[in-house]
Structures are given as structure tokens and as C-alpha cells.
Amino acid sequence: MGKHFNSRMDDTAWRVLFGRWHGSEAAKALRAEAGVSRDTWTANAKRLGMRIGDLPADHPARRSIPVLERPDGWRRRKSNLTAGQRRTVCPAGAGV
């Protein structure tokens, strides 16, 4: 596809940068190299589906995301559900 409205790079160049990021290069250094802001980086990663969370579960870059496990009795301040109850309702752990 063509260029994104707030960057001089096209989608192919973005995919190369994101590939390097997924290969463990620091995002901050890659943003500086590309001359883009953090907001532009984030918007393009989201637009192209290249965020770490968008990668397949077996992708090596996904291993860097910590698994959040809280005790069953833990409760958010304004929540009616404990962490254990929420895991029962949302097996993927979304929002725990």
C-alpha cells in the first residue's frame, strides 16, 4: 500500500522496522533511526497489525510479555469479581 499520512515511509519500510523490533532490537532506537515519534510508531504498528500482542502465540517476541497471574482472592478496587472468578468467566484472563 502507499504511504501513511504522518510518515515518509511506506508500509514495506514499516514492516521491515517492525520485523527488526520483533527480532529484539529496541523500539526507541528504531524510532530514532526512522525519525518518527512514539505516537506515529504506535499508530502504524496498530494499523498494520504488527504490535507484539498481535503476533501469533508461538512467535518468539511474544515470550517477552509477562504472564499476569494474581491470587484467586485478589480483587480490583471497584470490581465485583475476584481474580479467580474473573478467570472462570474469561478463561483467556482478559482484564484480570
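Results, tabulated for the structure shown:
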quantity: Residues T42 and V89, FRET efficiency given R0 of 30 Å [Cβ-Cβ distance, rounded to 0.05]; calculated: 0.50
quantity: Most to least packed among 54-60, 77-83, 10-16, 41-47 [average Cβ atoms within 10 Å]; calculated: 41-47, 10-16, 77-83, 54-60
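No value in this document is a laboratory result; all are computed from the given coordinates. Predicted, not measured: the structure shown is a model, and the values here were computed from it. Note that we place each Cβ from the backbone using ideal geometry, even for glycine, and neighbour counts take in every protein chain shown.
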